[in-house]
1. Ranked from highest to lowest mean number of other Cβ atoms within 10 Å per residue, what is the order of the peptides 222-233, 400-411?
2. Run the numbers for D264 and A372: contour at 0.36 nm per residue of separation, minus the present Cα-Cα distance, in nm.
3. Could you go through the stretch 71-86 in sequence order and give the Karplus-derived ³J(HN,Hα) for each residue, using 6.51 cos²θ - 1.76 cosθ + 1.60 with θ = phi - 60°, rounded to whole Hz, and x for Gly and Pro?
4. In deg cm²/dmol, rounded to 500, what helix-only [θ] at 222 nm does the chain give when every DSSP H run of at least 4 residues adds -39500 (n - 2.57) and the total is split over its residues?
5. Once the Cα atoms of helix 87-98 and of the chain are each reduced to a long axis, what angle between those two axes, in degrees from 0 to 90 to the nearest 10, is obtained?
6. Note down the nm distance, to one decimal, between modelled labels 7 Å out along Cα→Cβ at R93 and at E285.
7. Subtracting the Cα-Cα distance from 0.36 nm times the residue separation, let me have the gained length for Q335 to M82 in nm, one decimal.
8. Applying a 10 Å radius around every beta-carbon, put 205-213, 100-108 in order of their mean neighbour count, most first.
Amino acid sequence: MNRIRHLLARQVLDSRGRPTVEVEVHCTGGECGRAIVPSGASTGRAEARELRDQDPDHFDGQGVLRACENVTRVIAPALKGMDPVDQFALDARLLELDGTPDKSRLGANAVLGVSMAAAHAAAAVQRCPLYVHFHRLWVSVPQAPELPRPAEPRMPLPQTNMISGGLHAGGNLAFQDFLVVPRAAKDYPQALEWLVRIHRRLGRLLQQRQLEGHLVADEGGYGPRLAHHEQAIELLLEAIQQAGLVPGRDCWLALDVASSHFWDGRCYRTGDADHAAYSPDQFIEHLVQLAEKYPVASLEDPLHEEAWDDWARLRSRLPRHVVLIGDDLLSTQPQRVQKAQRLGAADGVLVKMNQVGTITETLQTMRLAEAAGWTRVVSARSGETEDTTLADLAVGTAAHQIKIGSVTRSERLAKYNQLLRIASGVTATWHEK
Ligand code: 2PG
Ligand code: MG
């Protein structure tokens, strides 16, 4: 049998020029799997911990050399001789080696780098596409609820960033992501073409109104200086129309409010001219109004990451068709998803592998969500690289949606293009939700 022979780890740079971990898993048969770990800016407090060197003379303390060393010195000897295809056993060993609830000993960046690279090695060993390997794992996740029906690999519907605010665009707007969901597209390539068209029309609109329209933010969306989040929504609706599409029929909006980042402990401080700060009650009222006024498909992190009861209140007030997605709230952690399900606090989960730190735990979270009929959105981070693992993860687990950022910048396009490659195969069908 093909076994793990050795592991390599090196420090490389992400889309913000910040160091991150790249891992290679080499097998006895000569196959190799390689992966790079992403990194967020608007991180949740419950996320697994990245290990950063804190050496002020090296990348301003952001280096990840210690995490790399943990891969080669601690993890490599322990994994040597194991079967790369047995992801669950590998991840269990990683958890045992780290021994902390938040992966802070070895670093979530070290642990996830190995977990992801092993999946690539396993696909190489089995001579199958990565999404096929993920699909095999998806249907056999340990300690996970039964799947209501076996879902075949499926192309996810993109929710694509057009305008950025918050921590991704220098705080020009409080809300972080204004996204488009091209629901009526007949297939993934058409969805992508619509998104590119809308992005270009939006750029032109912003230029015509002297609101900028060339410069892009962290995830490739525009970062114009707008007075209010409703102005961003109106511009987006106009851009959809100028692209010859109908809002609320062809394309819907998704909003990542990322509200933990403008919650000051008492109020949501949007800084808007007409209403600078909202009490939780006022903000819930405002969100419901937005969802009723505009064709909103989903709201992500509309309330801060510990406001469990307010989330449940908002869920009961929102129209049923609006999906309430937990990102910071759930941090891809199975326990937090279970808590949200008990409280009725959400009905969608943003899935980010590095929030939890292993592929097994990511799949466990997704299975809990699937069993409850939730919407699953596989997501990139704002700090990304050419790594495309998440595209295969989304297809292999038949995720409903994928959130990669905008349709510019190569670290984003790497994923969109990987989905084009998969879509041109014959085995994956188009999304259903
Ligand atoms: C988010 C992500 C991606 P970050 O909040 O959903 O937009 O951002 O990676 O900075 O957490
Ligand atoms: Mg988010």
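All of the numbers you see were taken from the coordinates with simple rules; none came from a lab. Predicted model only: the values in this text are computed from it and were never measured. Please note: Cβ atoms are built from the backbone with ideal geometry, for glycine as well, and neighbour counts cover all protein chains shown.
1. 400-411, 222-233
2. Difference between extended and current length: 35.6 nm.
3. Coupling constants for the stretch 71-86: 5, 7, 8, 9, 6, 4, x, 6, 8, 4, x, 7, 7, x, 6, 7 Hz.
4. The per-residue figure over the chain is -11000 deg cm²/dmol.
5. 90
6. 5.8
7. The span from Q335 to M82 would gain 88.2 nm if fully extended.
8. Per-residue mean Cβ counts within 10 Å order the peptides as 100-108, 205-213.
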